[in-house]
Structure formats: structure tokens, C-alpha cells
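Accompanying notes for the structure given below.
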Amino acid sequence: MKLPTGPGTPVSARDAAARLDQATSACRTVQTLTAEIAVSGRAATRRLRGRLSAGLSAPATSPAAVRLEAVAPFGPPVFIFVATGNDATLFLPRDNRVLAHGRPDAVLEATSGVPLDAAGLLPMLTGCASVTAPAEVRGFGDRWNVVATPEGGLYLQRETATEPWRIVANERRAADGARWRAEFSEFRDGLPSSIRVTSLDEDGGVRQAFDVRLVLSQVDLNTPLDAAVFTIQVPAEAVPITLDELRASGPLGRR
């Protein structure tokens, strides 16, 4: 995605707020999501390719909850990841190994090589952002606005002057300070079905840490998800695995 650069022209606070409101009108109402997610790309020295079955919940009055299963062509899943709030468990059925009660962001990063956290997964998969009062917004012609955020920039685009504004890219910063960007495309009913997640250098250029594409299908929104969805029945004989061991193996990756 070719994003605008340069100083641009200032956008009034009133116009900026109206455009952000329009760009997030579809995603703001999403409290639960289930989907099949095709994963491809690379992270560090590994190629990533697989399919996830996902269930996510983020109602306003409860902690965010996530369930991800790496579906295999046959047999049990490659892994099952569940998280509620700040507590996560990863079970590897084929190896009968488990990482219990870890930090969701640390477990997801060790599994995928991408600095994601459970609370941020639903907003990322729906192309959403919570910026409500931007300090600075710059316009680039009549099709692009760039919202300055503490983590980077939020990019709004519309196809024509009469089309609605959409968030097409969001720059973020991980807990360790590393920068990354999510790019959104192939919108359906105001929500993206294709998401590219790339690591950035300090100047905003793509660097080589990771470049991953997620393609969503069979999406179902706002269907109530029972608490049992976000639990795993781990066999008593499952062998513990550490974060370092998980990083070395990478369930989704092949060297």
C-alpha cells in the first residue's frame, strides 16, 4: 500500500472528528467475531502458512477474550490458544505440551513472531481504532487524511469524494518499542477481509522482522460466545513448555 508522505495540509478538528466517526462506524459495533483466517508470510527466519479458527469477544463490560485454533488438514489442531484478560494458555495437542497462565502478548509473540496482544486482536481484525480527539490531522488531496497518534499514524482513505472514509492503515508500537503497521483492504460491509501486518524501521520503512497476511472468511459478528469457548481441557499428563522453547519451535512456522 502506497501511503502519503510529506507535510500535507491541516484538517479542522470538526472535520477530523466527523471522518473518524464515519471510518469507525462499522467496526465500533462489533463485540464478538468468529472467522476462519488464512495466514501466510514470514516472521524472522520462518515462513508462516496455516489456517486459524478464531473466536474473539470484547464487550464493554468484560475483559477481552480470544480463542485461536491452528487447524490441520487432518488430526488434532496444531495448537489451541485461549486468553481472557491478562491470562493465556497455549496447548499443543500433537506434542501434548502446554504453556499455562502466560501473558497473552508474550505467548502470541512467541507463537507467531508478531507483537500482538489479545485485547488488540479484535480491533485489528475489524480495522478499528479508538482515537476520538486527534491532536493533529493532515490532509493529502481529497482522498487521504493522516491522524497523528502516540504510536505512529492512522491513515484514512476514501475512493472518491462521495465515498465513505475508511481506516486503511494503523501504525503501532509494541511493548518493547518495536514499530509495526497493519494495512486493511478488501472491505466488505465496512470491514476489511484482508490485513497485512509488517514490521517498520524508525523512519516508517518496512524492515525484515515480519510480514504477515491474514485473510478472513466465514465471518460472523455479534453472536454470543459462551465462556466455555475460551477454556481448554488440558490433559493432566501434558508436559509444560517454556516461552523460550516455544520461540525456538514456532508452531505455525517452518524454517
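Only the coordinates and a few stated rules stand behind these numbers; no lab work does. Values in this document were obtained by computation on a predicted structure and should not be read as measured data.
Data overview
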read-out	value
Highest-MSF residue in the chain out of 230, 184, 74 [GNM, Cα springs under 10 Å]	74
Of (1) 165; (2) 117; (3) 128, the label for volume of the Cα convex hull per residue in Å³ derived from the coordinates	(3)
